[in-house]
1. Out of B:378, B:326, B:79, any idea which swings most in a Gaussian network model of chain B, alpha carbons joined below 10 Å?
2. Just report the Cα centroid separation between segment A:80-123 and segment B:315-347, whole Å.
3. Provide the FRET efficiency to the nearest 0.05 for the residue A:92-residue B:270 pair, computing r from the beta carbons and using R0 = 41 Å.
4. Express the relative contact order of segment A:15-228 as a whole percentage, based on alpha carbon pairs under 8 Å and six or more residues apart in sequence.
5. Relative to the first principal axis of the alpha-carbon coordinates of chain B, what is the inclination of helix B:114-129, with its axis defined by its Cα atoms, in degrees from 0 to 90 and to the nearest 10?
6. With 10 angstrom as the radius, rank A:46, B:142 by how many other C-beta atoms surround their C-beta, starting from the fewest.
7. Taking the simple approach of a point 7 Å from Cα along Cα-to-Cβ for both residue B:376 and residue B:248, what is their distance in nm?
8. Using only Cα atoms, find the angle between the long axis of helix A:15-40 and the longest principal axis of chain A, and express it within 0 to 90 degrees, rounded to the nearest 10.
Amino acid sequence: MSNFFSALGDIFTNESLYRNAIIATVVLLFAASGEVVAEKAGTINISLEAMMLAGAYAAAVGQGRAGVWGGLGMAAIAGLVVAGVQANMSHRLSADQFVVGLVLNVLVLGIVGFLVGSNEPASHIVERTKVPVLAEVPLIGPALFDQPWVLYLVYPLVPAIWFLVYRTRWGLEVRAIGEDPNASDVSGLSVNKLRRQTIYLTGMVAGVGGGYFLYARSGRFEDSLIGGRGYIAIAAVIFGGWTLKGTVAGCVAFGLVGSLVLTIPSLGYQAIDPAFLAMAPNVVTIVAMTMFAKRVRQPAALARPFIRGLK
Amino acid sequence: MPPQRSGVAVTETEAESATATSAQEVRPRSKLASTGEVIGLYAICLFGALAIAAALVEFASDKGSWTTVYTVILDGAVRKPGRWGLTLGVAAPILLVALGTTVSGRAGLVNIGQEGQLVIGAAFTAYVGTRIGGPGPLALVISLAMGVVGGAIWAGIAGALRFWRNVPEVLTTLLMGTVAANLVGWGLRHRSLLLAPPEGRANRNQVSQPFAADRHIPRVTLFGNDFPISILLAILLAIVVWLVLGRTVVGFRLRMLGRNARTAQRAGVDQKRYGIGAMLVSGGFAGLAGGVMLAGGDFGPYQLVADFGAGIGFAGLLAALVARQRALVIIFVAFLFAGLRTGSGFLRATGVSARIADVVQGTLVLAMLLPPAILYLRARRRAIAATSSRT
């Protein structure tokens, strides 16, 4: 038993655990903070994965021509393009949002894989930037404040999303159309237009998230870079009960688990098979959904297309 | 309203929303013109999809033109000796997965975790098929049946959660896909589960024991091509699914559930029973596809490996979507997608990335989503215009 605790101590005092956890958390945060807005408006945006992947690829190509800032800009545009397809097909033409999202995931993976196979972008890693004082905090200080500077973009992003959703007129309208699109429509809101806007926002943020992950992780683009993180981000939103606070908590939890998958074997412990750690976020999400499905209230119109005149 | 025997009380058009019906009434056009319009729309979308893929080959890579890609894929899919047999073998699991998707999709459920259900089915087949005794054909049938059970369990969990706790099945099926892959990967590391005995495999190779030769799905040789008989079984099942969905009470109830759950409930359809049933059938088909892949011989030497699914589950799902969930159309789409897969295997020689096949698949599906959506919207707009001009 004492063995077990010393092992736990070993693992949880390991600095690289927290560093990896933050890197993994932040990519989820980028994606999930956009997704939360889209889901508040009533879309389960499965194509999050495609947006991140497109963003990562665009960032890899863009930084060679226009530097890191240019890369991030291209990442946002790439995410926006994917979002444009998703938004207009599901909320203008009223095609099934899941079908569109899933196809986009497959399609973007194919396109990116094809492009990488034809001409691979050069790799580029962003150096760490230390934030003075804050980075001196033991254990989590370096993880939070001694990272590539691209990561710091997430710190203003989350409060900005919060402000947008809970303190602006647009946010109020978005929340309204997710709860009762028919009433909102009668009150003069353009339901599908607002839904499209939330998806555009998601696409841009998720695209930047993909770009961030490229720069922070390896700098080398592979088509397996995102590898299902979009789905985990969606799971984090649901795990968090469709609130921004809960979503952040979900991202941190899943990021930590993802980091444990890497850290535990690297410290030489083999108590838990990595396969179980890898599936842990998904299992936890399913269990959480099952337990809280009746208690946590999802946006009432979640995943229901809005067509005027049809309930 | 007392529950009535369905099929008598409610017709399918009534089960659809009332507005959609009136849209058809007010359309003041000849049937021929509108059919031409529909065909034209489909043609434009199809052309657009292929053009995007072709443009990608032309402009994004300097390795070849779209004409060479086209010829090479055609060579690899059908023209070169022995290739169309392989395409048939690949088409079988795609077709099976797509049929399952059709059943659940027609019932209004979105099952997108076929890849996981397929892998679990393959694992069940591998476990049972390498362990039970008895005559070969019988053991093969039993192990395939276990594959069906495995896939059905995996989808059934999602179905049960959907109707018991109202957890969206889209997310559970999707999330359980990753769980399945990891679970099978874990099983492949343990001798007591799936891992083959150490003799006869490289030391760190994580593979299952190959099927004994008498447990392979029999293969037919025809004009120099050989293919497993599973494709015949799959086509037969497609006809069965078509008949059951289109011509029986059970199929009618399923479709009613998918079109309008409230109407179905009023007509006495047990939503739980039919919904979970549809999920079980859907997963069962995916599981069978996994078993057929394992015992069919077109996907490696009759043994389970990590990443065994190889995207067949997704291909089947997309095939069902392209065919708009019509069982007989699915047969052709499954062949098309299988051909893209086997054909793109030949692309390596030209230097063009084989991923172009995925791109073509994806753009095709997106393109096939467009026409019905456009037509539907237009019909609705006309209906609204008609009602507002009356008032």
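1. Result: B:378 has the largest fluctuation of those listed.
2. Comparing the Cα centres of segment A:80-123 and segment B:315-347, I get a distance of 19 Å.
3. Values: r = 36 Å, r/R0 = 0.89.
That pair, residue A:92 with residue B:270, gives E of 0.65.
4. It comes to 41 percent, rounded to a whole number.
5. Here the helix axis deviates by roughly 40 degrees.
6. B:142, A:46
7. Here the modelled spin labels are 2.7 nm apart.
8. 0
Values quoted throughout were computed directly from the atomic coordinates according to the rules given, and no laboratory measurement underlies them. All values derive from a computational prediction rather than experimental measurement. Cβ coordinates were reconstructed from backbone atoms using ideal geometry, including for glycine residues, and neighbour counts include every protein chain displayed.
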